[in-house]
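The numbers here are math on the coordinates, done by the rules we state, and not lab data. Keep in mind that this is a model prediction, so the values were computed, not measured. Note that each Cβ is placed from the backbone with ideal geometry, even for glycine, and that neighbours are counted across all protein chains shown.
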Amino acid sequence: MFGITHFAGVLISVGLYWNEFFTFPLQIMEVLYLHVFFEMLPGYLLGITDWLSRETLLMLFGFTLFALAISVFLLFTQKSHQKFINQSIFDGAASVSHKNEDIHRFISVVSHDLRTPLNSIAAIADILAFDAENLPANEVKEYAGNIYDLSMRINHLVNNMVDANNLELGEVKLELKSISLEKILTDIYASIQILGEKKSIKTSLEIQDNLPKVIADENALNRIIENLINNAYKFSESESEVRIRAEKLSKVNKVRISIEDEGPGFTEDDRKNIYNKFSKLSANPTGNEKSTGLGLYIVYTLLKRMNGDIDLESKPGEGSVFSVILNAAS
């Protein structure tokens, strides 16, 4: 009976110190065991008096097994919880690092890409302010045109930065509906081809007869097409051509808009990062234009939001063709 009453003393101590299994940190279980051992000593001594019945001892033994199971469960639960906390901290640090990198790039864009056209506008304005009366009318008109072009360039850069930020924050709300692609392309062509003419670049538009409407957000689709045409102008040499086409893909009930240029094309390395935010490509603009590296990121992100797709056909030195694929309206 000595062995049985020995267990009784142990079980009495476990019962008395049940809460300590939950209040002591599980990382220092060794200290808990030592503590309980010494606290069990009175129970052990008490046990040699053989004062408990066999039924009570069995009940306490079951109680002890249950307490042990709960303790093991808590140990594994805490370890899993700690692992989750560590992973959350790691992910949060990576996110903060990524955000800081974006902020630095944004500041670089603002300080460099916007400074140049602003300085040019200031210089022209200075000439007009102090010497406008002595300048011939055609020269004043030319300066005014330069100011307009530089202002539009700044506007394009700012729009891209705002769009990219809003997309990142999820603040761009799209309204997908059936819209006339033919009207959108015709309007964009009428307003944007002047940018090509300033670089002596020809622009052509070809729209397939009976072109179906597409499912898209009208403002987003305008931004997509304008960005792609602007890119084509930006990287094309004078006396080249930019071709815009729209056609139905009957087999898959989709519509394709293609923007083709005769620029430098894209390398394999370019293709790996082409739709990333702030991406820098191997080619440089041909007319000293500035690039934020956001245009294609905006195009790609907006298209995915509209259940569309984009495809690139290009070889270095042989130009490129960007194809926007949208669902046709039924």
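Round to a whole angstrom and tell me the spacing of the C-alpha centers of segment 115-142 and segment 293-329.
39 Å
Pairs to check: Lys198/Lys272; Lys272/Lys304; Lys83/Lys272; Lys251/Lys315; Lys213/Lys251; Lys198/Lys280. Give those whose C-alpha atoms are more than 23 Å from each other in this structure.
From Lys198/Lys272; Lys272/Lys304; Lys83/Lys272; Lys251/Lys315; Lys213/Lys251; Lys198/Lys280, over 23 Å: Lys198/Lys272; Lys83/Lys272; Lys251/Lys315; Lys198/Lys280.
Restricting to DSSP loop positions (anything but H, G, I, E, B) with no more than 14 other Cβ atoms inside 10 Å of their own Cβ, which trypsin sites (Lys or Arg not before Pro) remain in segment 242-323?
Lys280
Taking 0.36 nm per residue of sequence separation and subtracting the Cα-Cα distance, how much length would be gained by fully extending the chain between Ser151 and Asp131, in nm to one decimal?
In short, 5.0 nm is gained.
Classify segment 284-330 as rounded, prolate or oblate from the Cα gyration tensor: take a ≥ b ≥ c as the square roots of its eigenvalues, call it rounded if a/c is under 1.5, otherwise prolate when a/b beats b/c and oblate if not.
oblate
Hey, any idea what Rg/Rh is for segment 172-330, computing Rh the Kirkwood way over Cα pairs?
0.95
Positive end of the charge dipole of segment 210-327 (Lys, Arg +1 and Asp, Glu -1 on Cβ, about the Cα centre): tell me which of Asn307, Tyr297, Ala232 has its Cα farthest that way.
In segment 210-327, that residue is Asn307.
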